2 protein chains.
Amino acid sequence: MSERDDFASTLHEPELPVSVDDDVMDDDDRLRPRFVREVLDAVADGDDEAARGLVAELHPADIADLIELAPADERADLITALAGIVDADVYAELNEHVREDMIDEMEPQQVADLAAQLDTDDAVAIIEDLDAEDQLEVLRAMEPDDRAAVEEALTYPEETAGRLMQRDLIAVPEHWKVGQVIDYLRSGDDLADDFWEVFVVSPNHHPVGTCKLSTILRSARSKPVSEIMARKQTLIPVDLDQEEVALKFQKYALISAAVVDGSGRLVGMITVDDIVHIIQEEAGEDVLLLSGAGDGDINEPIATTVRTRLTWLVINLGTAMLAASVVGLFQGEIAKFALLAVLMPIVSGMGGNAGTQTLAVVVRALATNQLTDSNTMRMIARELTIALSNGVALGLLIGIGTAILFDNPLLGAVIGAAMVINNLIAGLAGILVPVTLDRARIDPAVSSAVFVTMATDVMGFFSFLGLAAVTGLAG
Amino acid sequence: MSERDDFASTLHEPELPVSVDDDVMDDDDRLRPRFVREVLDAVADGDDEAARGLVAELHPADIADLIELAPADERADLITALAGIVDADVYAELNEHVREDMIDEMEPQQVADLAAQLDTDDAVAIIEDLDAEDQLEVLRAMEPDDRAAVEEALTYPEETAGRLMQRDLIAVPEHWKVGQVIDYLRSGDDLADDFWEVFVVSPNHHPVGTCKLSTILRSARSKPVSEIMARKQTLIPVDLDQEEVALKFQKYALISAAVVDGSGRLVGMITVDDIVHIIQEEAGEDVLLLSGAGDGDINEPIATTVRTRLTWLVINLGTAMLAASVVGLFQGEIAKFALLAVLMPIVSGMGGNAGTQTLAVVVRALATNQLTDSNTMRMIARELTIALSNGVALGLLIGIGTAILFDNPLLGAVIGAAMVINNLIAGLAGILVPVTLDRARIDPAVSSAVFVTMATDVMGFFSFLGLAAVTGLAG
């Protein structure tokens, strides 16, 4: 019995129902397959009431999970059965590919109604994926205010602060007192509800400071805002890339931040809950990009996935053929001494492994802004030291092993030396390739692996077979 | 000129100095090498005042960056020169390896003074890395209250909610009115300052609801708390793994959450700013783990890095030798027809690339809880479809190319067929290996790659050389 059982049983007062129990979700907040099946079976049986009863207590994020976990051909019926429960919040949580499929089936007016219930950033996320014609129809069906906000957001490039921000925020003039701020907040029902700080602005609407809500709550009504506000704040330019926005939130531990336009005016606010999934995506995408798996979304249409991955594989086929042509130079030696062909993949493969290690570390260090011009030389020295240590260790291991196993000391010396050389190549390529691409403003995660693998394959074969040839090993 | 110049020049009123300008940081919030050098030169010249003047306006996170970017042997002098500026907040932001080096140089009393200025979670982060003896000395030097809080946190396993939480939080009884809450917050100077919601608790200190500060600010003083609080909340068990804590924050868009002990009592609070770096680390570590680069920290002691990476390389050496022994079975064919040795790395290498693509996608889908028992079969079918499509495309490409280039249709047919087979093996291994490890509660990112590469190497060589042998290609 896990600790979750313990606290679930004692946490709630006896008369309150336990809202989500262990039959529904496992310890990792994943919906249990049995539960998913139960809901889908109810829908298939036409028992919508049973299905609705099962999901009634779920969080919108979990309902979105349920829809994603359902087979694609059962999703439409599921959503029909859960009409009213699958609300705008659920759509905002849905995977974009799954959502796109659903939205494509809807009338413009339905999409407009959905968007109206959401914050600007979530509404934009839904509308930006539509094609131009549908977009226009949906915008026409919206209320003028919402429409203006969405249209303005759409003028900013995709994946920038302008698309992420909300326009609903609390901005007060510097000369107000705490009491005035509180009265203002209590006055209007149409004010935003999800805010964590109040922005203080100059008469021309430039941010001059911020007040955490906790500071306002803990200050006397008579205190001037200008006395309790923090004057230092992180401002987000409206066209900043979302990856940089995410890094700012992380580095400066922000809960929310003011977004300013080119002239420094406050135009919106970004809150951390809109950023956490970007932090996760941007950090997690390196492994996908390095492997050439595109954005790696499991809900992506399969034709798109095939195209993305095949493109990458064909590029790799080119480098593999280049490496093969190096082997081709030594066909004579191989025909005389086939053992060379047996051992050569060990040298190239181990170089590839070592190169990938360095590459992974360097790509992450670049992505998190830890590797800058200040420490690049130090990092190169560090990686070469590691490459030399590991190369010598592996070279001795394979060299001595080979010499003994095949009773051929020269063969052992050749493969050992090739191993050292290729590890150094791996370390050097593993850092120089991504650093060079980064300086050329090319994302190193996207294109480094192909160059590093090419270097370790080509040099692995060349150093081993070349040394074998010059030492007369095959003669 | 970037947009940052624009807004920096217009944002601040003319009489205010621009606090951090473009000479100090680049567009990505990285300290410029010239600035880092300037500070370090000032320190080397003994001109502490100049160094202090340069960094005075920096955020603690940027001062931490400065220390990390300084060469290891210049850090001690830098910190001495910046005494008072390098405060507890800077230590909290420092990379743990760099911090450990600094802390090792300090007296227990100094460490205790640092810890006293920090929230419990940051104090714990500093103290938990000390060895047992130093830990005891530091704890002895602390005030009883702080000491008790840190000691309690240390009773929870590393990387759990108990280590991340702060004990300073605001909890109020259900029968209070909004006015009472506000008066309570205004009353005490020793209350926490960084909080975003107020927890409502039962008489036995079990959480029964939460109030966002914005809700409190917008409600009349006479409103009972029980009327405005949200009754549904996400509770964090105190011994929950930090990765699961991070996923909860992300999934449910939490700003802060109550931490409860085994009996359901409120024992602490975790805020999102303590979680964002964990979200980033956990998402980013897959690429490092898959490549066998350990935690990939560029500040890790070099001996540790060498050991971690070498372990992985030696394991890979084993699988490379296994693959080589498969080639060894076909030495006779290779001696007769050396072209086989030229082409065989293409088949194994392309399989490795395809397998890595699938592996990356599956590992990310598992880590983000998107792949569960509900959709595993669908995912296997999807990956096999992709593998077959790409295998056939690549097989035709290389097969026809080989047939024409070497004027040998049989050789083309053999390499084409081997390519299809190895792509299917890659797709199958790329999903079955991580899913199986995950079900066995082994982190698939740590150990999958070795099995997948082994499968694609062994089967790549075997299918190509085997088909060559049975078709009499080398005869």
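Work out the mean other chain Cβ neighbour count within 10 Å for the residues of A:265-273 and drop it here as an integer.
Averaged over the peptide's residues, the number is 3.
From the P(r) of the protein assembly as shown, can you give the percent of Cα pairs sitting at distances over 44 Å?
Value for the protein assembly as shown: 38 percent of Cα pairs lie more than 44 Å apart.
Over the stretch B:21-159, calculate the relative contact order: mean separation of alpha carbon pairs under 8 Å at least 6 apart, over the residue count, as a percent.
Once normalised by length, the contact order is 17 percent.
Give the ranking of A:100, B:227 by solvent-accessible surface, highest area first, calculated with a 1.4 Å probe. Mind showing how you got there, number by number?
On the way: A:100 65, B:227 120 Å².
Descending order: B:227, A:100.
Here are some pairs, A:177/B:212; A:223/B:177; B:177/B:232; A:212/B:251; B:212/B:232; A:212/B:212; which of them have Cα atoms lying more than 18 Å apart in this structure? Show your work: numbers first, answer last.
On the way: A:177/B:212 22 Å; A:223/B:177 23 Å; B:177/B:232 20 Å; A:212/B:251 24 Å; B:212/B:232 13 Å; A:212/B:212 13 Å.
Violating the 18 Å Cα-Cα cut-off are A:177/B:212; A:223/B:177; B:177/B:232; A:212/B:251.
In Å, the Kirkwood hydrodynamic radius of the stretch B:319-390 over pairs of distinct alpha carbons? Show your work: numbers first, answer last.
Numbers: mean 1/r = 0.0674 Å⁻¹.
By the Kirkwood definition, the hydrodynamic radius is 14.8 Å.
Mind grabbing the interface size between A and B? I mean buried accessible area, both sides, 1.4 Å probe, in Å² to the nearest hundred.
12700
Quick one: accessible area per residue over the protein assembly as shown, 1.4 Å probe, rounded to a whole number of Å²?
Using a 1.4 Å probe on heavy atoms only, each residue of the protein assembly as shown averages 40 Å².
Rounded to the nearest 5, what is the percent of antiparallel bridges among the DSSP beta bridges in the protein assembly as shown?
70
Taking the dipole about the Cα centre of chain A, with the C-beta of Lys and Arg at +1 and of Asp and Glu at -1, give me whichever of A:397, A:238, A:255 is farthest to the positive side.
Toward the positive end, the furthest listed residue is A:397.
On each of the three principal axes of the Cα atoms of the stretch B:171-273, give max minus min coordinate, whole Å, ordered largest first.
The principal-axis extents, from largest down, are 40, 27, 27 Å.
In the protein assembly as shown, with Lys and Arg counted as +1 and Asp and Glu as -1 at Cβ, which of these residues, A:266, B:161, A:413, has the Cα nearest the positive end of the dipole, that is, farthest along it?
The residue sitting farthest along the positive end of the dipole is A:413.
Show me A:117-123, B:25-31 ranked by packing, highest mean number of other Cβ atoms within 10 Å first.
Peptide ranking by packing, descending: A:117-123, B:25-31.
Provide the packing ranking of B:297-308, A:361-372, A:343-354, B:197-208, i.e. peptides ordered by the mean count of other C-beta atoms within 10 Å per residue, highest first.
The densest-packed peptide leads the list: A:343-354, A:361-372, B:197-208, B:297-308.
Measure out, as a whole number of angstrom, how far apart the alpha-carbon centroids of the stretch A:294-341 and the stretch A:97-127 sit.
Between the Cα centres of the stretch A:294-341 and the stretch A:97-127 lies a distance of 42 Å.
Placing unit charges on C-beta atoms (Lys and Arg positive, Asp and Glu negative, everything else neutral), compute the dipole magnitude of the stretch B:284-470 about its Cα centre in debye, rounded to 20. Numbers along the way, then the final one.
Details: 8 positive and 12 negative charges, 58 e Å.
Rounded to the nearest 20 debye, it is 280 debye.
Roughly how far apart, in whole Å, are the Cα centres of the stretch A:226-255 and the stretch A:393-452?
Using only Cα atoms to place each centre, the spacing works out to 42 Å.
Across the residues of A:210-216, average count of Cβ atoms on other protein chains within 10 Å?
If you average over the peptide's residues, the count of other-chain Cβ atoms is 4.
How large is the charge dipole for the protein assembly as shown, taken about the Cα centre, if only the Cβ atoms of Lys, Arg (+1) and Asp, Glu (-1) carry charge, to the nearest 20 debye?
That gives a dipole near 3580 debye.
Measuring from a point 7 Å out along Cα→Cβ, what nm distances, shortest first, does residue B:203 have to its partners in the other copies?
Reported distances to equivalent positions: 5.8 nm.
Filter chain B for me: DSSP H helices, axial length by Cα at least 20 angstrom, mean Kyte-Doolittle hydropathy not below -1.0. List them by residue number.
Flagged H segments are B:276-291, B:302-328, B:339-367, B:376-405, B:409-439, B:444-470.
Which three semi-axes in whole Å describe the equivalent ellipsoid of the stretch A:285-470, each the square root of 5 times a Cα gyration tensor eigenvalue, listed largest first?
Semi-axes from the Cα gyration tensor: 32, 22, 13 Å.
Sorted from shortest, what are the nm distances separating the label point of residue B:262 from equivalent points in the other copies, each placed 7 Å from Cα along Cα to C-beta?
6.3
Would you mind calculating the relative contact order of chain B from Cα pairs under 8 angstrom and at least 6 residues apart, reporting the percent as a whole number?
Rounded, it is 10 percent for chain B.
At a 1.4 Å probe radius, carbon and sulfur cover how many percent of the accessible area of the protein assembly as shown?
Looking at the protein assembly as shown in its full context, I get 54 percent from C and S.
Principal axis extents for chain B, Cα atoms only, whole Å, descending order, please.
93, 62, 54
In whole Å, largest first, what are the principal axis extents of the Cα atoms in the stretch B:11-143?
51, 32, 25
Charges on Cβ only, +1 for Lys and Arg, -1 for Asp and Glu, centred on the Cα centroid of the stretch A:46-116; of A:67, A:108, A:85, which one is farthest towards the dipole's positive end?
After comparing all options, I get A:85.
Quick one: dipole size for the stretch B:21-159, taken about the Cα centre, charges +1 on Lys/Arg Cβ and -1 on Asp/Glu Cβ, in debye to the nearest 20.
Here the stretch B:21-159 has a charge dipole of around 280 debye.
Where the label is 7 Å out from Cα toward Cβ, how close does residue B:48 come to the same position in every other copy, in nm, shortest first?
7.6
Would you tell me the mean number of C-beta atoms belonging to other protein chains that fall within 10 Å of each C-beta in B:36-45, as a whole number? Provide the component values of the computation, followed by the final result.
Working: counts 4, 2, 0, 0, 1, 0, 0, 0, 0, 0.
Across the residues of B:36-45, the mean count of other-chain Cβ atoms within 10 Å is 1.
Taking N as the number of residues in the stretch A:113-188, what is its Cα Rg relative to 2.2 N^0.38 Å?
Working: Rg = 15.7 Å, N = 76, 2.2 N^0.38 = 11.4 Å.
Normalised by 2.2 N^0.38 Å, the Cα Rg of the stretch A:113-188 equals 1.37.
I need the peptides B:150-160, B:253-263, A:446-456 ranked by packing, meaning the mean over residues of other C-beta atoms within 10 angstrom, with the highest value on top. Spell out each step's value before the answer.
Working: B:150-160: 16.1, B:253-263: 21.5, A:446-456: 23.1.
Ranking, from highest mean packing down: A:446-456, B:253-263, B:150-160.
The values are calculated or read from the model by the stated rules, or taken from the named source; none is laboratory data. Note that the structure is a prediction, hence the values are computed from the model and not measured. Every residue, glycine among them, receives a Cβ derived from its backbone with ideal geometry; neighbour counts consider all protein chains shown. Calculation scope for accessible area: heavy atoms of the full protein, side chains included, ligands and nucleic acids excluded. Shrake-Rupley method; radii C 1.70, N 1.55, O 1.52, S 1.80 Å.
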